[in-house]
1. Going residue by residue through region 116-126, is there one that turns out to be touching a residue at least 24 places away in the same chain (Cβ under 8 Å), within 16 Å of the ligand (Cβ to nearest atom) and of a type in the set (Phe, Trp, Tyr)?
2. Quick check on my filter: what residues within region 25-44 are under 14 Å from Leu5 (Cβ atoms) and either outside any strand (DSSP E or B) or among the aliphatic types (A, V, I, L, M) (or both)?
3. Report, by residue number, each residue of region 277-310 that is over 13 Å from Val259 (Cβ atoms), at pLDDT 95 or above and surrounded by 15 or more Cβ atoms within 10 Å (Cβ to Cβ).
4. Pairs under 7 Å by beta carbon, first residue over 14 Å from Leu220 (Cβ atoms) and touching a residue at least 24 places away in the same chain (Cβ under 8 Å) in region 261-277, partner among the hydrophobic types (A, V, I, L, M, F, W, C) and part of a helix (DSSP H, G or I), six or more apart or different chains?
5. Give me the residue from region 11-46 that is surrounded by 16 or more Cβ atoms within 10 Å (Cβ to Cβ) and among the aliphatic types (A, V, I, L, M) and, out of that set, nearest to Val314 (Cα to Cα).
6. Which ranges mark the helices (runs of 4 or more DSSP H) fully within region 203-296 that have 3 or more residues being closer than 17 Å to Glu180 by Cα and either within 19 Å of the chain's Cα centre (by Cα) or outside the structural domain of Ser183 (by TED's automatic domain parsing) (or both)?
7. Where the second residue is of a type in the set (A, V, I, L, M) and assigned to a helix (DSSP H, G or I) and the first is over 9 Å from Ala223 (Cα atoms) and touching a residue at least 24 places away in the same chain (Cβ under 8 Å) and lies in region 198-210, which pairs have Cβ atoms under 7 Å and are six or more apart or on separate chains?
8. Give me a count of the residues in region 101-138 that are touching a strand residue (DSSP E or B) at 6+ places or on another chain (Cβ under 8 Å) and basic (Lys, Arg).
Amino acid sequence: MKNVLAVDIGGTHFRTGLFDEQGRRLLVLEGDTDRVAGRDWMLSQIASRCRDLMEQTDAPVKACGLSFGGPVDFPHQKVTSVHSSGWKGFELGKWTEKTLGVPCRLDNDANAGALGEYHFGAGRGSKLMVYITISTGIGSGIIYEGKLLRGKDYMAGEIGHIPISDSGSLCSCGGRGCLESFSSGAAMESRALEWSKRRPEHVERMLELSGGPEITAKGLMMAAAEGDQPANQILKETARWLAHGILMIIRILNPEVIVLGGGVGQSGELLLKTLRNALDEIASPTITYSTEIVSATLGTYSALYGAAAIGLGVE
Ligand SMILES: [Zn+2]
């Protein structure tokens with residue numbers, strides 16, 4: 001019996017875990033990401049927690065899978081993002097391998113989340129699954145017949161950067177009109193900010209539930225679930241744009257299942273219902289489909305499970 005290590009480095013949290021050969025989670029150590037402390041701090045956290053986990057098992061650790069919350073150059077196993085200082089161009093796969101003394105492989109969190117949900121969550125047993133993570137941004141991973149669909153330049157499934165309009169605000173990718181700038185958590189927050197400027201009396205509940213000086217996507221979703229009208233209006237508008245992106249995916253791939261993850265994506269039935277209604281409104285009455293749209297079942301652990309799948313070599 002051999003175990004694998006899994007590492008998930010996110011913008012707000014990081015997790016390290018020990019999994020057995022069946023992908024069962026044995027132990028997890030997690031913490032908050034300190035962006036200001038930067039790359040070297042994060043690396044020292046990862047190294048010490050992984051060593052702790054390795055000491056807590058008698059079974060040898062055969063490999064380590066890593067998920068990084070930002071763009072990754074997969075063929076070169078490098079981080080390409082400016083997540084926080086020092087990450088750009090960093091050979092995270094090689095570094096982990098050298099530090100822990102076990103083979104390591106790295107992918108971005110959207111692909112890792114897709115692998116996690118496909119092997120251990122809502123996408124189990126499906127032939128064609130699309131995982132969409134909606135939090136501050138929008139990412140996605142496509143799994144066809146058990147394999148990640150990567151594309152020629154390893155950028156297949158960049159659903160967040162599908163241009164759905166020729167206007168709109170500037171996206172993090174530098175383009176304009178991307179789905180991410182219309183339907184992400186950040187897009188919801190900027191709509192709420194517009195409301196608070198024009199109609200401050202209408203955003204009181206959203207502000208209260210956000211627990212701070214600004215409305216968060218989480219607070220907004222909570223207010224919408226309570227029946228708050230302005231929050232529901234923002235949610236509807238967001239879901240309508242998302243429906244346009246999702247309908248494109250359905251038209252191109254006709255997947256069996258679309259799994260929604262990430263802080264906003266897995267917020268539950270209200271988002272799913274609003275999204276399904278928006279899809280019904282824009283869909284063709286003659287080109288029907290049976291693609292299911294569901295929430296991720298691994299919650300905030302989709303990417304960690306995916307990292308375990310990478311470690312197990314089943315990606
Ligand atoms: Zn973009």
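1. Residues of region 116-126 touching a residue at least 24 places away in the same chain (Cβ under 8 Å): 116-123, 126.
So of that shortlist, the ones also within 16 Å of the ligand (Cβ to nearest atom) come out as none.
Taking every residue of region 116-126 in turn, none turns out to be touching a residue at least 24 places away in the same chain (Cβ under 8 Å), within 16 Å of the ligand (Cβ to nearest atom) and of a type in the set (Phe, Trp, Tyr).
2. Within region 25-44, Leu26, Leu27, Val28, Leu29 qualify.
3. Ala278, Leu279, Tyr301, Leu304, Ala307, Ala308, Ala309, Ile310
4. Leu275/Ala239; Leu275/Leu242; Leu275/Ala243
5. Of the residues in region 11-46, the ones surrounded by 16 or more Cβ atoms within 10 Å (Cβ to Cβ) are 11, 14-20, 23, 25, 28-29, 33, 39, 42-43, 45-46.
Of the ones still in play, those that are also among the aliphatic types (A, V, I, L, M) are 18, 28-29, 42-43, 46.
Details: Leu18: 16, Val28: 21, Leu29: 23, Met42: 27, Leu43: 25, Ile46: 23 Å.
Looking at residues that are surrounded by 16 or more Cβ atoms within 10 Å (Cβ to Cβ) and among the aliphatic types (A, V, I, L, M), I get Leu18.
6. Details: elements: 204-210, 217-226, 229-253, 262-265, 269-282.
Of the helices (runs of 4 or more DSSP H) lying wholly inside region 203-296, those with at least 3 residues that are closer than 17 Å to Glu180 by Cα and either within 19 Å of the chain's Cα centre (by Cα) or outside the structural domain of Ser183 (by TED's automatic domain parsing) (or both) span 229-253, 262-265.
7. If the second residue must be of a type in the set (A, V, I, L, M) and assigned to a helix (DSSP H, G or I), the pairs left are Val203/Ala192.
8. At the first step, the residues of region 101-138 found to be touching a strand residue (DSSP E or B) at 6+ places or on another chain (Cβ under 8 Å) are 102-115, 117-118, 121-123, 126-134, 138.
Within this subset, residues satisfying the condition of being basic (Lys, Arg) are 105, 127.
So the count comes out to 2.
The values are calculated or read from the model by the stated rules, or taken from the named source; none is laboratory data. Treat the numbers as computed from the prediction; the structure is a model and nothing was measured. Every residue, glycine as well, gets a Cβ built from its backbone with ideal geometry; the counts of neighbours run over all protein chains shown.
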